[in-house]
Amino acid sequence: MRRFLRPGHDPVRERLKRDLFQFNKTVEHGFPHQPSALGYSPFFRLMAIGTRSGAIKLYGAPGVEFMGLHEENNTVMQIHFIPDQCQLVTLLDDNSLHLWSLKQHKGASELHEEHRFTLKGPPGSPPSATQVTAVLPHSSREVLYLGTESGNIFVVELPSFRVLEDRTITPEAVLQRIPEDNCNRRSCELVEALREHPKNHSQILIGYSRGLIVLWDLQNNKATHHFLGSQQLENLYWQRDGSKFISCHSDGSYTQWPVSSDNRQPEPLENTVPYGPFPCKAISKIYWQTTKNGLPYIIFQGGMPRASYGDRHSISVIHGSQQTAFDFTSRVIDFFIIFSSDPAAEFEDPAALVVLAEEELVVIDLKSAGWPAVHPPYLASLHCSAITCSHHVSNIPLKLWERIISAGSKQNIHYSSMPWPIDGGTNIAPDPPQRDLLLTGHEDGTVRFWDASGVCLHLLYKLSTVRVFLTDADPNDNMNTLGEDEWPPLRKVGTFDPYSDDPRLGIQKIYLCKYSGYLAVAGTAGQVLVMELNDEDAEHVVDHAEADLLQDQEGYRWKGHEKLKTRDGPVRFEAGFQPFVLVQCHPPAVVTSLALHSEWKLVAFGTSHGFGLFDHQQKRLVFVKCTLHPSDQLALEGPLSRVKSLKKSLRQSFRRIRRSRVSSRKRRGGGGNSSEEMELAPVQRKIEARSAEDSFTGFVRTLYFADTFLRDSSRHCPSLWAGTNGGTVYAFCLRVPPAERRMDEPVRAEQAKEIQLMHRAPVVGILVLDGRSTPLPEPLEVAHDLSKSPDMQGSHQLLVVSEEQFKVFTLPKVSSKLKLKLTALEGCRVRKVTVANFGSCKTDDYSENDLAVLTNLGDIQIISLPFLKLQIRYPCIRKEDVSGIASCVFTKYGQGFYLISPSEFERFSLSTKWLVEPRCIVDVPEVTSNNHVHKSGTENATRKSRGPGKTPGDCGEDERKSGRLMEHALLNDEKVLKEIQSTLEGGRGRRDHIPTSPRNRTLSIRIQKLCRKKFGKKSVRTWTK
Amino acid sequence: MLCELGKMQLGEKKGTEEQRHECDSRALKSQFGAEFRRFSLDRYKPGKFEDFYKLILHIHHIANLEVMIGYADVHGDLLPINNDDNFFKAVSSAHPLLRVFIQRQDEVDYSNFGTNTLSRKKKALVTLRNDNLRRRPHINISMPHDFRPVSSIIDVDILPETHRRVRLYRHGCEKPLGFYIRDGTSVRVTPHGLEKVPGIFISRMVPGGLAESTGLLAVNDEVLEVNGIEVAGKTLDQVTDMMIANSHNLIITVKPANQRNNIIRSSRMSGSSGQSTDSTASHHSLPTSHVLQNFHPDEMESDEEADIVIEGGLEPQHIPKLHSLTSSSLSRINGSSLSHRLQRDLVLNNNSGRESNGNIHKLLSSLKTDPRHSLVIPRGGIEEDGTVITL
């Protein structure tokens, strides 16, 4: 009978579910993967980045961002903003042009693709005839000039993309008045650059790749000046007054040319090879910026001496006697200069140099002495060193937040104090409801603390564990070595450093207690560091303890990596988290699980061999437990293979994280082939039951501290729970001495229970529910009055989550009460599980705890507590994206992050109540006529209207205001929420808030479709663990 | 060779049995209410079953009783001896000791033979089946219960004739499940005509594996359901995980590639070829299919294991100073005490359950945990592995 009463058909519950759960992919944090093009609108102060996967992203002031995706999924080659308009044109590598525009929709701006266009030549002409190489949006905003490989320049009307054939500039017309010896068809072969005259809008400068430069009069349709360059041309740049222009060439030289009415075929004024006399690489782009003091800034990309510095990715800035070649660790995609955009201004006065390198964005302040870098508020390179793990902490107390910020600010003193120069648009999203921290562990042994409260993922503080250890390379080795007499004057900039000195330093697990400021960090070589937040620099000795997890198991020999060597004597630590104790696991295998209890001052750690408990107050090891199965022949007799495979799998997993995107996005047109191959060699899967003899059964997957009824139902006591890969759960009863005798008496532990799950699937989560079936609060949560104290009267329950099942047991006598079999019914396995609190969007007083689960298929499921009923399921990550699934981290309030590329986190939300997504507005000026004078007037007006908030002082004010707001949020969340809600309702009406999400949804669906199209039927081996 | 006999005390049966090695043909009254005899047989010329039967009746002085003779095979399962063939098999499997059990014919619970001989909690489903069987007058002509089931065809009455639902019993069997599955396409009849749809197929059988030995599954059979859940729309990996998660009691519904051996419902006979004793057996025990026909995943819980919980009232495991004392020795001690505890629990469980079966279970389990005996321990059996005890 009961099978007809299926859960979920209760209409009341169904309605409640709609109020509680809702899935949205809200924003992408980090640096776009494989950027390929850069554009900038000086008028709107917006920057656009295109990627190889066909995405374009617009960034303005912090919080202002837009994203669009080309359907074609092709590389974006060029991005050009239509002057003074909220429109931009993109050129893809399939030679298609796309017109995008920002339109206001229900109070917020949105980016939409308006038109697409592919230039078509006459029938029979080669494809090169219409291959677009240069794009010039004319300031009249009516036409686009398209330079092609054939040398023809086509004129296209906007926004309709109609080709105006009568206005095409053909090479024949250009060559009419050229001296005989230059007059061959080949000199006009490929249009390299098109530049509009800064003063006279009816003239454009045309640069052909063989060196010929022509000034073309658009009104009379003829060439007025010819500049006969002899070198292969790379790019052109006008001087502001239009009296001169500069050309750069493939031999590493640049040339200045005069433009005057008396000489129609002038000789170059000056020809310079800045890094000569030896052969140099091409200068691919150049800027010539005038200043008040008369000395121009010459900024160019490349031009390094070919033999000795040909492999550098550099941009040189020359200003009088000052010259610096900024040296980037990855390829420079493009760069631009931010200067005074007022056309009436006499000088450009460059303020900042913005460089898009392949792996990071670097902004250099040209106004301050020494040209320091500007700390970017977004587009952080998450992958400066590969991300190895992540940890999210919600609702950080203000005190800790401020201390972390102050520690971080001490690290950022070398940054410029200049306010972020790209500040277009207005962020109208409500202030984030709480302070959230995202901690990422990296391969180089650092932990980065990110402000994950809002749309901009911003680096607050960076912690390095390297100082504790002796490594081959001195960390200060690769710092800037700026010698006075060194030539070229290279200076390393940026933070991207893919090379790890020692992979053993890699961070594997992080656990931060937000109340006490204790942080535990564990790494690849079995190192566990416990740290404390200190606001001052300090020099002290790090205590060192060994934990032998093997406990003289016979016949076992570790053939993996050595443990890290520690520094003897006191070590100097900068302000921030400072390690005070190091527990070294033996054998030094990867730490696979970590738990910290700041109230009891205990830290538990587990590896593939066992787990241990350490008392960091007394600095004493309490106990260790070996989880190796004696019948695990592989572990006992074949240590070599075991170690190798573990090491290998780790390596491969990281490599895969790095590589997966490259391969997935680069594939083109190979779909048919691969599916044929699949049919030739079918994939098969072995059906075999798990047995105890499987290797890695001892692998400790999860550790959990709980104050619960372990022995009998009358007395509760501290306990430690551990779950292994072989489906075993161990429970230890702990005796922690009271606070006054904490230092005198030892912490004692004894094993109280051992549970072997019959299905033997890896245990991925352990949780104790109190008498009200609420998960036990975190340590110190009750002490800080942030949680109700747990119900210690009713009977507690134990929830064990394995990869295959959810199972509730009674306590203290462990007997199975309830279960949900996931794998047996659906064939999916649990990869990540967290308890999340979901609040209703309708009523403020209702919230409930549920389990948020990510499966190996990339689905997210919400499962109710304590009855283990599946509530809802959303597809989130492609199942082939193993690195994405492995990197997923849930927050305590129903949000989550996962890596969509090595450098980008996608943020998603499962909650109707907590939603962090960009919501911003870009004011579009009313363009009534094409009168340029009129235009500049409106520009001034809009700039003035946006005036406040753009000056540095006001910016600070804003921040302080938000700070106060957040402090408030901590004191009374609900009050602020109501406030936010009421502003939402009052301002634009409730429904306004929703429209942006369907857009996101369609976008994500589109991405999924594209992915599906790409991968086809190809089944990719699932990556287990 | 030696033959060891345990004779159940007739009438009353309870208490644990501890096997003792005693000298030839000497009776030993045990305190637990069973008797043991030890005698020798010629391994190579064991003789006929008839003679053996008489010998046993003679040794135990129970000449006028109908008894059922069983033995513990290498897997630790209780199997019957009732004809020359299995007698010979029993003798040849002894190494060097053969344990023979004698029970009164009318008290024999046939369901005890074969699978799951080990003390496992059997809940509603199995009990139901046993009751059915017990009520039926026992026919001695052919004894389907004398075989250990490794597989059965179930739900013949509700499935289309083109489909076959096969249940594989993995418990108490040393054999691997032993088959592989792959992706493929199959043709379905739909309202729009024939359509090609993706499907899951058996791609390979491991020689000597359970799947092959049943003869009920074959390469290229299309897998339609796993434990009552349709596989349509699921990926190969999902189906793999489902099968593994259900491996202790795997029920797969296939559309055999070879449709000539299908069961014709009106007759009681299977097809001419591909017929195995097992399938015959399942026909005779039709009640089985009745019980299972309305199969629902939840109900299968009955067949499911209970997780093992070891409640330890252990001496504190404590390290006074930094790893000056490794607790391994301690944990070893704990381990063994835990295992004793577990054994006791299991025994108690059985006792409280069904008394009549309890005895044999206890005998077997005590046999198995005794390390001196050379019986090969089955996968599903109790093993003592230091600290961890597995079922």
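Listed values, structure above:
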{"read-out": "Residue check for A:Leu757: free of Cβ contacts under 8 Å to residues at least 60 places away in the same chain, farther than 15 Å from A:Thr607 by Cβ and buried (at least 19 other Cβ atoms within 10 Å of the Cβ)", "value": "yes"}
{"read-out": "Criterion violated by B:Ser203 - all others in (1) among the polar types (S, T, N, Q); (2) within 11 Å of another protein chain (Cβ to nearest Cβ); (3) under 26 Å from B:Gly76 (Cβ atoms) satisfied", "value": "(3)"}
{"read-out": "Any chance A:Arg735 is among the basic types (Lys, Arg), more than 8 Å from chain B (Cβ to nearest Cβ) and more than 28 Å from A:Ser608 (Cα to Cα)", "value": "no"}
{"read-out": "Among (1) touching a Cys at 6+ places or on another chain (Cβ under 8 Å); (2) outside any loop (DSSP other than H, G, I, E, B) - the single one A:Tyr378 does not satisfy", "value": "(2)"}
{"read-out": "Filtered residues of segment A:825-848 (kept if closer than 30 Å to B:Ser247 by Cα and either within 14 Å of chain B (Cβ to nearest Cβ) or among the polar types (S, T, N, Q) (or both))", "value": "A:Leu825, A:Glu826, A:Gly827, A:Cys828, A:Arg829, A:Val830, A:Arg831, A:Thr834"}
{"read-out": "Of all residues in segment A:3-48 being over 21 Å from A:Leu865 (Cβ atoms) and surrounded by fewer than 15 Cβ atoms within 10 Å (Cβ to Cβ), the one that is modelled with the highest pLDDT", "value": "A:Pro11"}
{"read-out": "Tally of residues being in a strand (DSSP E or B) and not small (Gly, Ala, Ser) across segment A:845-875", "value": "18"}
{"read-out": "Which numbered condition A:Ala48 misses (of (1) in contact with a Gly (Cβ under 9 Å, 6 or more places away or on another chain); (2) among the small types (Gly, Ala, Ser); (3) farther than 29 Å from A:Pro419 by Cα)", "value": "(3)"}
{"read-out": "Near pairs, Cβ below 6 angstrom, 6+ apart or cross-chain, from segment A:339-359 (under 13 Å from A:Thr290 (Cβ atoms)) to any residue that is part of a loop (DSSP other than H, G, I, E, B) and among the β-branched types (Val, Ile, Thr)", "value": "A:Phe347/A:Thr290; A:Phe347/A:Thr291; A:Glu348/A:Thr290; A:Asp349/A:Thr291"}
{"read-out": "Residues within segment B:167-198 that are over 32 Å from the mean Cα position of the chain (by Cα) and either more than 8 Å from chain A (Cβ to nearest Cβ) or under 30 Å from B:Leu79 (Cα atoms) (or both), tallied", "value": "14"}
{"read-out": "Any hit, segment A:849-871, residues being away from chain B (no Cβ under 14 Å), in contact with a helix residue (DSSP H, G or I) (Cβ under 7 Å, 6 or more places away or on another chain) and not hydrophobic (A, V, I, L, M, F, W, C)", "value": "yes"}
{"read-out": "Residues satisfying the stated conditions in segment A:458-507, i.e. closer than 18 Å to A:Met304 by Cα and at pLDDT 80 or above", "value": "A:Pro488, A:Pro489, A:Leu490, A:Arg491, A:Lys492, A:Val493"}
{"read-out": "Hits in segment A:169-179 - residues which are buried (at least 17 other Cβ atoms within 10 Å of the Cβ) and not aliphatic (A, V, I, L, M)", "value": "A:Pro171"}
{"read-out": "Where A:Tyr275 falls short, out of the listed (1) part of a strand (DSSP E or B); (2) buried (at least 21 other Cβ atoms within 10 Å of the Cβ)", "value": "(1)"}
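Yes/no matrix, rows are residues, columns are (1) part of a strand (DSSP E or B); (2) touching a residue at least 24 places away in the same chain (Cβ under 8 Å); (3) within 25 Å of the chain's Cα centre (by Cα):
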| position | (1), (2), (3) |
| --- | --- |
| A:Gln78 | yes, yes, yes |
| A:Asp84 | no, yes, no |
| A:Leu99 | yes, yes, no |
| A:Leu102 | yes, yes, yes |
| A:Ser109 | yes, yes, yes |
| A:Pro123 | no, no, no |
| A:Ser128 | no, no, no |
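Residues are listed down the side, and each one gets a yes or a no for (1) under 30 Å from A:Ile900 (Cβ atoms); (2) surrounded by fewer than 19 Cβ atoms within 10 Å (Cβ to Cβ); (3) within 24 Å of the chain's Cα centre (by Cα):
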position	(1), (2), (3)
A:Phe347	no, yes, no
A:Pro350	no, no, no
A:Ser381	yes, no, yes
A:Ser406	no, yes, yes
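The values are calculated or read from the model by the stated rules, or taken from the named source; none is laboratory data. Values in this document were obtained by computation on a predicted structure and should not be read as measured data. With ideal geometry, Cβ positions are generated from the backbone for all residues, glycine too; neighbour counts draw on all protein chains shown.
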